[in-house]
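Novice: Dropping a structure here in structure tokens format, bear with me for questions.
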Amino acid sequence: MYAFVTECVVEDSSLEFFLTTASRDVISEYCRSWEYMRSEGERCLYVPDNPKNMCNLFINKLQLDIISHCTVSDRGIHDSVRKLLGVPREILYWDQESRERYVEYAKGGTQTVHHARGMIVGCAGAGKTTLLKRLLGCSEEEIKEVKSTEGLEVHEEIFDICDETRSLKAKKSQENSEKVNTTNVDFKSLTFFDFGGQCAYYACHQIYLTRRAFYVVVVDASKRLDQKVDKKVCDQDGSVFSGWTYGDYFVFWIKSIHTYCSSDNQKDTKPVVLIVATHWEEGNREFRDTNELVESLRHQFPKTSNLSQYIKDDNVYCADFTLPLHDLETYLFNIASNQRWRESIPKEWSFFGIEINQKKYSERILKISKITTEVPEITTKEQGDSDKAEKGTQDMLRYYHDAGKALYFKENGLNEEVIIDVQWFIDAFKHIITDKLHSKGIPVTQGDWDEYYETGNLKDQLLIEIWKHKDIELLEKLIEEDRNYVLLKYGSFEKNKRYLKCHKKSLLNFMQRLGLLALGSESHYVPCMNRKELEYNISNLINNSYSKSSVLVYRFDFLPFFLFYRLIVACMQENGWNVLQNQGISCLYKNAALFSCKETNFLLSVTEDSIQLQVFCLMPGCDLERVKTCKIQERIEDMLNDLAGTFHRNIQFVRGFRCRKDEGKRIAFDIKGHFLPEQKYIPKEDCKMMCPLHTISDQHIIDTAEFTRYWKMERETAV
């Protein structure tokens, strides 16, 4: 049969006839998408990308069965499957068994939803919240009361997308939005996420930055791009963002969107980015017209960078707040009404979207066992098969996690609960990292506060008092709103499930999983709060240690700084690894951390585009053991690969060394113009050679044996 098919189907017209007339089983058995990588001995007929209708015929013929078909290993077909069948993109990345379960549920009936999400990002003080308020049609009095956003504010379904009038209809009441039936096929909505611009909040933004959204990047047109951000606007002193300009923050956000939301596959849909310049009505604006603004923004990137693709003449809007924003509203409607936001999910899952809206303000966290037993559609369908019912529930929760509606991880210690109010979770972390105004009314010593804001070391009692203070504020609000209702529902205010303190263990476990903090018995480490510099005596001690390795460098095209924080948190959880202590104080710094592992010490440090690793020994007469240093290296690289894999793009790093001989064993040095990629420049045999980066000026010799002595290189097959 295979020989007959391949011999007969040689022309496009023949293939088109075959895809139109052959049975679904035959097409499923023999046809594959164009870039599918077949296994040895596998026989198949490739369906070309062009003409485009060929691929569409293939997908339409198989319908939902394409999802569980082996051809989805070709990611190039994903976008077409999503567009034609409305399948959520994340489903196509699932394993075979999970995709088969999805197909089984979807064949029983689906619900179509159209829910667009917009992320408003930019530097603090740029006018992000004011822009949203004006789009909502708020009064001048309401706009004057706008305060700088702390953390993240989720405005769930605050706009209806009206196809008849080709416009966005603002909802004045958030309460009404919560009661919407989100599974109505005729209902189209738009949610906005207002991101706080203060750098301390960036640690939690990783939860929401996703390809499932479009981005509104707000810049302040009254500021020069090379102007340092006002300290009153953004408390960045002492942080890794210290001294940043408005242009630096713009570049940061474009890089973040590209890293979190774009794909390495050229066929995938690109992130939708709209750039809005606020304060355009002011007489002291820094740009004469839109063209000058566009050119200035493009010049923030090197000429070799492809990030300028996000800055186009037709996606830059100058907002004059003295005039109606009709053009911007039309632009947003065109984005929000796009079919890319439309997707179909099994009817068995659709109930949970309603469940989230109904329960998230009272329950916050749900037990998985309760969800499984209370879902009649799933439990009835899988009656007598509790394992399959449980897996069906896990699939559903995984989808809602990917969609940003819940937080769920199928891992020991986390897989028994799901956080259904993600805003509440973000607020819980926000309360930890906001400014020192927290100290008002909280009965802890000033020393605890000072230690926390300098080192990131958060005493458990301080954490309890912070959340307790917020719970008291909630209590006062509940009493004011409806005292009798709360007492009737919960029996007492203390049993209210909306409090933070009663969910402390779960909240901290989820925060640690996301790399926001590292748990301890009496205190916890919050990396994004650490402003402590690496002491000179510690740095000098390492440089003068009895035995030390060269500095192994991992260079990134763009290094999301919070990946380094997550790496440190992961190291703190690693069995047998301990943070080094100096006079009882942990050696954790804003850009470095020191660890010990079986009497071997190592240091991790970070620069703008690299993470660096060095192993050292402080004991006199102690020599490093290569077996141990290589094991540390391998584990660090495993962690980096795992963390990099959590981004939508497969973040790549290149391993190598800094070429300068006199600085080759010193930590946290800038590598620009001095980086030697291992695969390109380090030969298979150890030798001394002229530095290939400096063959004319600043000539010097490098010793490859010194570089590679304690590390496992690509040229080796075994340690």
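Novice: Does the range 628-641 contain any residue that is over 24 Å from D248 (Cα atoms), touching a strand residue (DSSP E or B) at 6+ places or on another chain (Cβ under 7 Å) and part of a strand (DSSP E or B)?
Specialist: Here is the first cut: in the range 628-641, the ones over 24 Å from D248 (Cα atoms) are 628-641.
Add one more test, that the residue is touching a strand residue (DSSP E or B) at 6+ places or on another chain (Cβ under 7 Å), and what stays is 628-629, 632-633, 636, 640.
Filter once more, so that each one left must be part of a strand (DSSP E or B): none.
No, the range 628-641 contains no residue that is over 24 Å from D248 (Cα atoms), touching a strand residue (DSSP E or B) at 6+ places or on another chain (Cβ under 7 Å) and part of a strand (DSSP E or B).
Novice: Need the failing condition index for V579 against (1) open to solvent by less than 10 Å² (accessible area, probe 1.4 Å); (2) closer than 30 Å to S506 by Cα; (3) modelled with pLDDT of 90 or more, just the number.
Specialist: The number of the failed condition is (1).
Novice: Would you pick out the residues in the range 209-254 that are open to solvent by 20 Å² or more (accessible area, probe 1.4 Å) and of a type in the set (F, W, Y)?
Specialist: W244, Y246, F252
Novice: Let me ask something additional. Which one is modelled with the highest pLDDT, of the residues in the range 582-597 that are over 27 Å from the mean Cα position of the chain (by Cα) and not in a strand (DSSP E or B)? If you could, list the steps in order and put the result at the bottom.
Specialist: Here is the first cut: in the range 582-597, the residues over 27 Å from the mean Cα position of the chain (by Cα) are 582-587, 596-597.
Next cut, not in a strand (DSSP E or B) only: 583-584, 587.
Working: Q583: 87, G584: 88, C587: 95.
The qualifying residue modelled with the highest pLDDT is C587.
Novice: Right, here's the next one. Within the range 208-222, track down each residue that is at pLDDT below 90 and in contact with a helix residue (DSSP H, G or I) (Cβ under 7 Å, 6 or more places away or on another chain).
Specialist: Selection gives L209, T210, R211.
Novice: Something else: Out of the residues in the range 76-121 that are among the polar types (S, T, N, Q) and either without any contact (Cβ under 8 Å) to a residue 12 or more places away in the chain or in contact with a strand residue (DSSP E or B) (Cβ under 8 Å, 6 or more places away or on another chain) (or both), which is surrounded by the most Cβ atoms within 10 Å (Cβ to Cβ)? Even if it seems obvious, please write down each step before you answer.
Specialist: Of all residues in the range 76-121, those among the polar types (S, T, N, Q) come to 80, 96, 98, 110-112.
Filter once more, so that each one left must be either without any contact (Cβ under 8 Å) to a residue 12 or more places away in the chain or in contact with a strand residue (DSSP E or B) (Cβ under 8 Å, 6 or more places away or on another chain) (or both): 110-112.
Values: T110: 22, Q111: 19, T112: 15.
Ranking the candidates gives T110 first.
Novice: Additional query: For the range 263-300, give me the residue count where each residue is surrounded by fewer than 19 Cβ atoms within 10 Å (Cβ to Cβ) and under 30 Å from Y93 (Cβ atoms).
Specialist: Adding up the residues that qualify gives 8.
Novice: Give me a count of the residues in the range 130-142 that are surrounded by 14 or more Cβ atoms within 10 Å (Cβ to Cβ) and in contact with a helix residue (DSSP H, G or I) (Cβ under 8 Å, 6 or more places away or on another chain). Even if it seems obvious, please write down each step before you answer.
Specialist: Here is the first cut: in the range 130-142, the ones surrounded by 14 or more Cβ atoms within 10 Å (Cβ to Cβ) are 130-136, 138.
From what is left, the residues that are in contact with a helix residue (DSSP H, G or I) (Cβ under 8 Å, 6 or more places away or on another chain) are 130, 133-135.
Matching residues across the range 130-142 total 4.
Here's the yes/no breakdown for (1) assigned to a loop (DSSP other than H, G, I, E, B); (2) charged (D, E, K, R); (3) within 24 Å of the chain's Cα centre (by Cα); (4) at pLDDT 90 or above:
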{"position": "E481", "(1), (2), (3), (4)": "no, yes, no, no"}
{"position": "K505", "(1), (2), (3), (4)": "no, yes, yes, yes"}
{"position": "L508", "(1), (2), (3), (4)": "no, no, yes, yes"}
{"position": "L516", "(1), (2), (3), (4)": "yes, no, yes, yes"}
{"position": "R555", "(1), (2), (3), (4)": "no, yes, yes, yes"}
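Novice: Out of the range 143-161, which residues are under 26 Å from K188 (Cβ atoms) and open to solvent by 60 Å² or more (accessible area, probe 1.4 Å)?
Specialist: Selection gives E153 alone.
Novice: On to the next question. So, S39, is that one in a loop (DSSP other than H, G, I, E, B) and crowded, with 16+ Cβ neighbours inside 10 Å or not? Reasoning before the result, please.
Specialist: Details: in a loop (DSSP other than H, G, I, E, B): yes; crowded, with 16+ Cβ neighbours inside 10 Å: no.
No; evaluated as a whole, the condition is false for this residue.
Novice: Only one of these conditions is not met by V316: (1) closer than 20 Å to M119 by Cβ; (2) of a type outside the set (F, W, Y); (3) open to solvent by 40 Å² or more (accessible area, probe 1.4 Å). Which number is it?
Specialist: Of (1) closer than 20 Å to M119 by Cβ; (2) of a type outside the set (F, W, Y); (3) open to solvent by 40 Å² or more (accessible area, probe 1.4 Å), only one is false for V316: (3).
The values are calculated or read from the model by the stated rules, or taken from the named source; none is laboratory data. Here the structure is a predicted model, which is why all the values come from computation and not from measurement. Cβ: placed from backbone, ideal geometry, glycine included. Neighbour counts: every protein chain shown. Areas reflect the complete protein model, heavy atoms only, side chains present, ligands, DNA and RNA absent. Shrake-Rupley method; radii C 1.70, N 1.55, O 1.52, S 1.80 Å.
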